[in-house]
Amino acid sequence: MGIFKKNKQYFTLPPQETMDRRDEAAASAPSIPEGLWTKCVKCEKFIITDDLEKNHGVCPKCGAYHRLGAHARISLVVDADTFREINENIVGNDPLGFPGYGNKLETSMKNSGLKEAVITGYGNIGGIRTAIGVMEPGFMMGSMGTAVGEKLASLVEFAIFYKLPLVIFSASGGARMQEGIMSLMQMAKVSAVLKRHSDEGLLYVSVPTDPTTGGVTASFAMLGDIIIAEPGTLIGFAGRRVIEGTIRQKLPEDFQSAEFLLEHGFLDAIVKREDLKDYLHRLLMIHRRN
């Protein structure tokens, strides 16, 4: 019956003519440009990147908020052609000789197009001149090193000198560990100059964006006269697992969300991204100095 006979099967190449036709078809097939599509962080559906940018980083399908870079944030809230950057040449160094830190700085500069993890300057919000600081999550996750602290402190001093209201958009993983205690000292430095800004009777609006954690939360991000955030923003100090391991209790599912913080009195308002500029303008108008 031949049931135990070994049947040999071999892969045979198609004729050269067929292979040539396949190569021609592959070469003529339209290619999808890199970056054309973006996958939503929540619904995981694909969105045309241009559509996502036109919608200010809000998914048109499920409404999820994607993180905005510093330049996109400035374009969202500042009147066109009014923003002027200051202290753009303040950049970080490697004070402790931390292994690999210099390479990480160079990579972050290249990938983000920025010299440091914050942009500082001034511009108009609804026609009102305002000092503005915007942290860049794409630069070492917005971590705060000596250069970031110096830029923010200088921005606040600038606001004091010119009697300007101040708006800071935070986005950070906290203090930059590669700079050790020098990074932690920026918490005290920025907080101290903010006290002088407050003593002058000037308005400081803090806008923690997703995520704002660590030493940034423990200092200037939560020192605003008014603190507002976008829906779903993660704001906290230590991570969930660290806290649960310390207190040996299960935390609520919405713990450290903007909604949780608003309910417990740590935020003054949650503002949708499309309403943010108008909301800031109203605050600035109410507290405008004559």
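The values are calculated or read from the model by the stated rules, or taken from the named source; none is laboratory data. None of the values given here were measured: they were computed from a predicted structure. Because the Cβ atoms are built from the backbone with ideal geometry, glycine has one as well, and the counts that use them run over all protein chains shown. Heads up: the accessible areas ignore ligands, DNA and RNA and are worked out on the full protein's heavy atoms, side chains in. Shrake-Rupley method; radii C 1.70, N 1.55, O 1.52, S 1.80 Å.
Checking the cross-link pairs Lys110/Lys195; Lys39/Lys104; Lys45/Lys110; Lys115/Lys189; Lys110/Lys250; Lys42/Lys195 against a 32 Å limit on the alpha carbon distance flags Lys110/Lys195; Lys110/Lys250; Lys42/Lys195 as lying beyond it. Contact order for segment 82-193, expressed relative to its length and based on alpha carbon pairs under 8 Å spaced 6+ residues apart, stands at 28 percent. Taking a ≥ b ≥ c as the square roots of the eigenvalues of the Cα gyration tensor, segment 132-290 is oblate, since a/c reaches 1.5 or more and a/b is not larger than b/c. Relative contact order of the chain: 12 percent, from C-alpha pairs under 8 Å at least 6 residues apart in sequence.
Please list, in order, the residues from segment 182-218 whose amide nitrogen is less than 17 Å from a point placed 7 Å along the Cα→Cβ vector of His287. Inside the label zone: 191-209.
Of Pro231, Phe220, Gly265, whose Cα points farthest to the positive end of the dipole of segment 211-290 (charges on the beta-carbon: +1 Lys, Arg; -1 Asp, Glu; origin at the Cα centre)? Checking the options against the dipole of segment 211-290, the answer is Phe220. When a/c is below 1.5 the answer is rounded, else prolate if a/b is larger than b/c, else oblate, so apply that to segment 224-280 with a ≥ b ≥ c taken from the square roots of the Cα gyration tensor eigenvalues. The shape class here is prolate. The length gained by stretching the chain between Asp275 and Asp50 to full extension, at 0.36 nm per residue less their Cα-Cα distance, is 78.9 nm. Distance from the alpha carbon centroid of segment 47-77 to that of segment 103-150 works out to 18 angstrom.
Thr246 sits with roughly 100 Å² accessible to a 1.4 Å probe, with DNA, RNA and ligands left out of the calculation.
If you roll a 1.4 Å probe over the heavy atoms of the protein chains, what accessible area per residue do you get for the chain, in Å²?
I get 57 Å² per residue for this part.
Rounded if a/c is under 1.5, else prolate if a/b beats b/c, else oblate: with a ≥ b ≥ c from the C-alpha gyration tensor eigenvalues square-rooted, which is segment 57-163? It is oblate, given that a/c is not under 1.5 and a/b is not larger than b/c. In the chain, a dipole from Cβ-located charges (positive for Lys and Arg, negative for Asp and Glu) runs towards its positive end, and of Tyr122, His66, Val41 it is Val41 whose Cα lies farthest in that direction.
Of the residues Gly97, His56, Phe139, the one whose Cα sits farthest toward the positive end of the charge dipole of the chain, with +1 on the Cβ of Lys and Arg and -1 on the Cβ of Asp and Glu, is Gly97.
The amide H of Ser172, built 1.01 Å from its N in the peptide plane, has Thr212, Thr213 as neighbours under 5 Å, considering only residues 5 or more places off or on other chains. The helix-only estimate of mean residue ellipticity at 222 nm for the chain, built from DSSP H runs of length n ≥ 4 each weighted as -39500 (n - 2.57), is -10500 deg cm²/dmol after division by the residue total. Relative protection proxy for 57-65, 118-126, from highest mean packing down: 118-126, 57-65 (other beta-carbon atoms within 10 angstrom).
Mean-square fluctuation check for the chain, GNM, Cα pairs under 10 Å: which of Ala147, Ala192, Ala131 is largest? Of Ala147, Ala192, Ala131, the Gaussian network model singles out Ala192 as fluctuating most.
Take every pair of alpha-carbon atoms less than 8 Å apart whose residues are at least six positions apart; their mean separation over the length of segment 151-290 yields a relative contact order of 21 percent. Extension gain for the segment Lys104 to Trp37, taken as residue separation times 0.36 nm less the Cα-Cα distance, is 21.4 nm to one decimal.
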